[in-house]
2 protein chains.
Amino acid sequence: MKAMTSTEFEQNLQRLAEVAVHSGLGLAPGQELVITATLDAVPLARCITKYAYKAGACLVTTLFTDEDSSLLRFRHGSDASFDAAPSWLYEGMAQAYRSGAARLAIAGNNPSLLSREDPDKVSRVNRATSRAYRPALELIVRHEINWTIVACATPAWAKCVFPDLPQDEAMARLWSAIFAASRADQPDPVTAWKEHDAKLHARADYLNEKRYAGLHFRGPGTDLRVGLADDHLWLGGGTTAHNGRYCIPNMPTEEVFTTPHKDRVEGRVTSTKPLSYQGTLIEGISVRFEAGRIVDAGASRGSEVLQKMIETDEGARQLGEVALVPHSSPIAASGLLFMNTLFDENAACHIALGQAYSTCLKDGDSLTPDQLAARGANTSLIHVDWMIGSNKIDVDGITATGESSPLIRAGEWA
Amino acid sequence: MKAMTSTEFEQNLQRLAEVAVHSGLGLAPGQELVITATLDAVPLARCITKYAYKAGACLVTTLFTDEDSSLLRFRHGSDASFDAAPSWLYEGMAQAYRSGAARLAIAGNNPSLLSREDPDKVSRVNRATSRAYRPALELIVRHEINWTIVACATPAWAKCVFPDLPQDEAMARLWSAIFAASRADQPDPVTAWKEHDAKLHARADYLNEKRYAGLHFRGPGTDLRVGLADDHLWLGGGTTAHNGRYCIPNMPTEEVFTTPHKDRVEGRVTSTKPLSYQGTLIEGISVRFEAGRIVDAGASRGSEVLQKMIETDEGARQLGEVALVPHSSPIAASGLLFMNTLFDENAACHIALGQAYSTCLKDGDSLTPDQLAARGANTSLIHVDWMIGSNKIDVDGITATGESSPLIRAGEWA
């Protein structure tokens with residue numbers, strides 16, 4: 001790999017910010033923008049702020065999180081502190097979205113921030129946070145507003161991905177991977193995203209025409225049948241939010257995905273990449289589903305955190321998403337384990353435990369919670385993706401009459 | 001001045017954080033805390049977070065402001081952007097206070113951040129921000145909750161105070177001044193604050209017994225009669241908030257202060273120190289009051305910003321506070337111009353244009369807006385202190401029957 005000069009780096013950073021605002025967010029002139037970021041992402045946050053104002057933003061506000069301060073609660077907080085969450089702040093964010101603000105999250109958290117903390121306390125904090133965040137999150141997952149997530153290399157993240165490299169080199173390599181996956185290293189990232197987005201839409205359209213009733217995953221440690229929700233929709237790439245703005249919610253994105261039927265999942269599945277869940281690495285996950293629910297769960301590492309996760313609530317042990325990604329995706333091709341869902345979920349087929357996206361159902365946004373549940377859409381405080389794809393996995397589409405046809409063979413589209 | 005070693009600095013920083021939480025804030029075990037700070041104050045914010053958790057805080061959330069991002073609005077924002085403010089965030093903060101959270105502000109902003117920006121745009125941003133912030137500010141000024149402000153040295157602030165020193169030295173000198181004024185350089189800051197607080201209360205008690213109807217300030221360029229509000233109260237030092245917590249809202253504080261009668265101010269007054277108002281320095285202010293209102297205003301520097309300020313609303317040209325500070329205050333004795341109200345207002349007698357404190361009236365918090373106005377308390381979106389004291393100023397107390405007695409002579413208590 002050729003090292004970036006500082007001029008190249010600066011140019012790529014500017015292009016990442018620009019493509020995030022224009023292709024990712026589709027920010028409207030006059031629209032307000034709320035950014036969330038850790039303190040390590042200050043330079044990228046400023047860069048995005050600049051392009052947002054240039055695109056006509058009426059106001060840009062960044063909410064910074066200090067990961068060191070988050071740790072202080074675990075060091076010095078009283079027992080009661082682990083059930084507390086800043087509801088007023090999340091409600092404020094929800095209010096911003098209701099008033100028309102767009103939302104851009106900068107991902108780059110330390111994947112192992114909480115890995116040495118008491119899993120019980122971690123789980124309590126996550127549950128309290130998820131509950132407080134729910135009103136804001138619902139506006140996001142229902143696509144009431146335009147939103148996107150982009151990534152920023154940070155020292156702690158780079159160290160997780162490249163544990164054996166010196167910090168400077170690790171940061172440079174992670175930035176290179178981010179720029180490549182986000183197409184910010186291309187001369188015209190906006191056009192590159194337009195072409196990529198069209199391909200993802202074509203793939204989703206093909207699957208929507210087929211109207212499969214289910215999918216069958218087979219590979220080492222995996223023999224899983226995933227029923228799809230009634231009137232499910234496959235989605236991929238960008239989407240038009242209910243405020244009329246076209247946005248590409250994840251940068252990068254390589255997946256097509258839909259809503260499984262929460263009660264029609266059967267069999268065993270084994271993870272193919274480690275899952276970084278709220279600061280803890282969970283590896284070698286193997287779970288068995290019966291009638292949609294996990295009845296048996298284990299992991300070679302972090303199994304206690306996995307148990308806490310699936311005990312978050314009733315829906316935490318049922319599926320809310322299934323996604324297909326070819327093994328030749330540029331992110332898989334990088335050969336890296338990013339320990340960040342935004343990247344790793346775009347390197348392999350995956351499933352998510354927890355909350356389903358109502359947008360993955362026909363007219364899903366106009367359905368009541370009862371109607372959504374009747375179609376098979378799951379409800380939960382969590383939505384956690386984990387990877388089950390590899391170059392050893394086969395996927396079949398199963399029709400309502402039980403006929404199967406190959407979709408993916410040895411990790412690639414058949 | 002002896003240079004601090006890094007160990008001494010670290011010890012002082014810890015003591016500043018500790019005294020801020022215990023003496024300044026009076027944080028209750030189990031109470032939530034909201035901190036506001038600029039990005040330069042991250043180390044102090046973390047230190048305060050630590051002591052807050054140690055004191056039993058149930059949750060500490062810091063809202064960081066990035067001054068560079070604030071400038072980006074002025075560089076690249078559309079015209080409409082200058083009337084926008086994040087109401088959702090301020091409303092969220094108000095909600096936190098209503099739910100029982102305490103509030104700690106870390107002061108350390110760049111005094112000249114906006115000094116090169118268009119005064120009209122600065123004024124529009126300030127007005128929009130003041131309006132959005134009002135619900136939260138009211139809870140603070142009414143002392144519904146315990147709150148405090150402490151200072152943090154920052155490179156931009158240090159450069160304003162010590163423009164001729166190298167940055168390291170300027171930072172070290174500003175930190176020394178902050179630690180001294182905040183009594184964090186003393187072995188037992190909590191006890192030192194207890195003693196100082198008792199002295200301020202004794203001074204306020206004396207003035208409350210006297211029940212003056214007004215004050216008469218005389219000095220170079222100043223001959224000002226300030227009527228006091230009916231049933232005014234002199235306050236100084238700490239106060240018991242309505243949530244029952246005893247807090248010292250400003251660290252440092254050297255003043256005793258009360259509410260003037262908004263319609264009973266007559267004569268001319270000249271500022272004795274520059275005023276740093278939202279990023280602009282205003283120097284050599286000279287204004288004339290008739291029947292409480294400024295009828296003539298000028299400044300040797302920044303007069304345009306001064307004009308914009310007093311045009312904010314109807315109450316912006318009337319007084320909301322008058323405060324007495326001896327010229328021998330430790331902050332005046334430092335001989336420094338801090339260009340930060342938290343410090344400079346504790347170096348000299350001062351007045352404030354704009355909003356009055358209802359707490360400076362007998363039973364003020366139970367009065368309606370009309371009742372407050374009838375007593376003479378002013379209302380405005382702004383509350384801007386500026387210094388009118390020096391070692392050349394005399395102040396008399398004037399009784400209801402017109403008798404005058406000396407309060408301050410040549411800047412010192414008579």
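The combined condition, being assigned by TED's automatic domain parsing to the domain that holds A:Thr399 and buried (at least 23 other Cβ atoms within 10 Å of the Cβ), is not fulfilled by A:Thr222. Between A:Pro86, A:Pro111, the distinction of being surrounded by 19 or more Cβ atoms within 10 Å (Cβ to Cβ) and over 23 Å from A:Leu342 (Cα atoms) belongs to A:Pro86 only. Each residue in segment B:283-294 was checked for being part of a strand (DSSP E or B) and exposed (fewer than 14 other Cβ atoms within 10 Å of the Cβ), and 1 of them qualify. Scoring B:Leu165 on the criteria (1) free of Cβ contacts under 8 Å to residues at least 60 places away in the same chain; (2) outside any helix (DSSP H, G or I); (3) of a type outside the set (D, E, K, R); (4) within 20 Å of B:Leu381 (Cβ to Cβ) leaves a single failure, condition (4).
Against the numbered list (1) more than 17 Å from the chain's Cα centre (by Cα); (2) modelled with pLDDT of 95 or more, A:Leu353 comes up short only at (1).
The numbered conditions (1) facing chain A (nearest Cβ under 9 Å); (2) in contact with a His (Cβ under 8 Å, 6 or more places away or on another chain) are all true for B:Arg142 except (1). Among the residues of segment B:114-140, those identified as in a loop (DSSP other than H, G, I, E, B) and in contact with a strand residue (DSSP E or B) (Cβ under 7 Å, 6 or more places away or on another chain) are B:Leu114, B:Ser115.
If the condition is being in contact with a helix residue (DSSP H, G or I) (Cβ under 6 Å, 6 or more places away or on another chain) and either among the β-branched types (Val, Ile, Thr) or part of a helix (DSSP H, G or I) (or both), then segment B:174-213 contributes B:Leu174, B:Phe179, B:Ala181, B:Pro189, B:Val190, B:Trp193.
Scan segment B:87-103 for residues that are farther than 8 Å from A:Gly92 by Cβ and either without any contact (Cβ under 8 Å) to a residue 40 or more places away in the chain or in contact with an Asp or Glu (Cβ under 6 Å, 6 or more places away or on another chain) (or both) and the total you get is 1. Residue selection: B:Arg264 fails the criterion of being of a type outside the set (Phe, Trp, Tyr), at pLDDT 95 or above and under 27 Å from B:Asn340 (Cβ atoms). Among the numbered conditions (1) free of Cβ contacts under 8 Å to residues at least 12 places away in the same chain; (2) under 25 Å from B:Ser70 (Cβ atoms), the only one that A:Asp40 does not meet is (1).
Within the set B:Leu407, B:Leu381, the sole residue that is over 30 Å from B:Trp175 (Cβ atoms), touching a strand residue (DSSP E or B) at 6+ places or on another chain (Cβ under 8 Å), in contact (Cβ under 8 Å) with a residue 12 or more places away in the chain and not in a loop (DSSP other than H, G, I, E, B) turns out to be B:Leu407.
Quick grid of which residues meet (1) farther than 18 Å from B:Leu113 by Cβ; (2) touching a Ser or Thr at 6+ places or on another chain (Cβ under 6 Å):
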position	(1), (2)
B:Arg15	yes, no
B:Val19	yes, no
B:Ser23	yes, no
B:Leu33	yes, no
B:Thr38	no, yes
B:Leu72	no, yes
B:Gly77	no, no
B:Met93	yes, no
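Among the strands (runs of 3 or more DSSP E) confined to segment A:1-113, the ones with at least 2 residues that are closer than 27 Å to A:Arg142 by Cα and facing chain B (nearest Cβ under 10 Å) are located at A:32-38, A:59-65. Residues in segment A:350-378 that are of a type in the set (Val, Ile, Thr), in contact with a strand residue (DSSP E or B) (Cβ under 8 Å, 6 or more places away or on another chain) and surrounded by fewer than 24 Cβ atoms within 10 Å (Cβ to Cβ): A:Thr359 alone. You will find that of A:Pro119, A:Pro155, A:Pro166, the residue that is modelled with pLDDT of 95 or more, closer than 27 Å to B:Lys50 by Cβ and not small (Gly, Ala, Ser) is A:Pro155 and no other. It is to be established whether one or more residues within segment B:256-273 are within 21 Å of B:Val141 (Cα to Cα), in contact (Cβ under 8 Å) with a residue 24 or more places away in the chain, in contact with a strand residue (DSSP E or B) (Cβ under 6 Å, 6 or more places away or on another chain) and of a type in the set (Phe, Trp, Tyr). Checked against the condition, which is being within 21 Å of B:Val141 (Cα to Cα), in contact (Cβ under 8 Å) with a residue 24 or more places away in the chain, in contact with a strand residue (DSSP E or B) (Cβ under 6 Å, 6 or more places away or on another chain) and of a type in the set (Phe, Trp, Tyr), segment B:256-273 yields at least one hit.
The values are calculated or read from the model by the stated rules, or taken from the named source; none is laboratory data. Values in this document were obtained by computation on a predicted structure and should not be read as measured data. Every residue, glycine among them, receives a Cβ derived from its backbone with ideal geometry; neighbour counts consider all protein chains shown.
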